[in-house]
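Working notes, structure below.
The values are calculated or read from the model by the stated rules, or taken from the named source; none is laboratory data. As the structure is a prediction and not an experimental result, all values here were calculated from the model. Please note: Cβ atoms are built from the backbone with ideal geometry, for glycine as well, and neighbour counts cover all protein chains shown. Each accessible area value is taken on the protein alone, full model and side chains, heavy atoms only, with ligands, DNA and RNA left out. Shrake-Rupley method; radii C 1.70, N 1.55, O 1.52, S 1.80 Å.
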Amino acid sequence: QDNYNTATMDMQTVDQVIQTQYTIDSSKAESLYLKFLNKHVDSIIRPVLSQSIKETSSKFTIEELISKRAELGEEMTKSARTRLNSYGIKVISIQIVNLELPEDYRNAVEQKKVAEQKVLKAKAELEEAKIKAEANKVTSAAYDENIKYKEFLSKWDGKLPTYLGGDGGLNMLLPNV
């Protein structure tokens with residue numbers, strides 16, 4: 001398990017913790033040992049893995065690193081397997097154990113989520129306002145002139161208003177029945 005600092009297609013820097021499983025072909029083990037003096041891990045495996053991981057990561061955007069993690073691991077495995085096979089090193093799998101995303105990216109994702117929640121809330125409030133407006137429209141349409149007159153009569157105590165006025169008379173307009 002090693003840490004790799006990689007760049008994505010959209011130029012974001014990501015720290016990846018990668019776990020690699022490999023075996024040594026027994027027929028090539030002796031020549032591998034003699035060629036690298038038992039330093040094959042540092043001399044050939046790590047450099048090739050680093051190159052494969054960095055090249056493969058650069059083909060993906062940061063969003064794809066997250067959403068297509070398994071596919072990324074498979075591509076890393078194929079790339080490293082091709083390069084190490086001639087040395088008798090068989091790569092079984094490369095798995096991404098952890099991705100450490102840039103702080104700016106994490107903040108942007110959080111802000112995006114907050115904005116999406118605000119949009120959803122605003123849509124719900126708009127829908128509620130539309131429903132209330134429709135209810136008010138229905139209520140006001142039903143509240144016609146006859147209802148207004150009946151309401152006037154139900155609240156009227158039967159007494160005409162009295163006013164004190166000057167020399168002239170006071171013309172009072174009452175609703176026509």
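Okay, here's what the table says:
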| quantity | calculated |
| --- | --- |
| Difference of contour (0.36 nm per residue) and Cα-Cα distance, residue 100 to residue 82 | 3.7 nm |
| Label-point separation, residue 136 to residue 92 (7 Å along Cα→Cβ), nm | 7.0 |
| Gained length - residue 33 relative to residue 108, 0.36 nm times residue gap less alpha-carbon distance | 22.1 nm |
| Apportionment of accessible area to carbon and sulfur, the chain, percent (1.4 Å) | 53 |
| Calculated [θ] (222 nm, deg cm²/dmol) that DSSP helices of n ≥ 4 give over the chain, each run adding -39,500 (n - 2.57) | -17500 deg cm²/dmol |
| Extended-chain gain in nm, criterion 0.36 nm per residue less alpha-carbon gap, residue 24 and residue 59 | 9.7 nm |
| The chain pair-distance distribution - Cα-Cα, 5 Å bins, rounded % | 1, 7, 10, 10, 8, 7, 6, 5, 4, 4, 3, 3, 3, 3, 3, 3, 4, 3, 3, 3, 2, 2, 1, 1, 1, 0, 0 |
| Directionally averaged shadow of segment 97-149, computed from the convex hull of its alpha-carbon atoms, nm² | 5.4 |
| Surface per residue (accessible, 1.4 Å probe) for the chain, Å² | 75 |
| Flagged links, alpha-carbon separation over 24 Å, of 28/68; 113/137; 68/112; 28/59; 54/90; 35/90 | 28/68; 113/137; 28/59 |
| The chain: angle of helix 69-84 to the longest principal axis, Cα-based, in degrees nearest 10 | 20 |
| Choice from 94, 131, 147 with maximal GNM fluctuation in the chain (Cα, 10 Å cutoff) | 147 |
| Over segment 9-87: Kirkwood hydrodynamic radius from C-alpha pairwise inverse distances, Å | 13.8 |
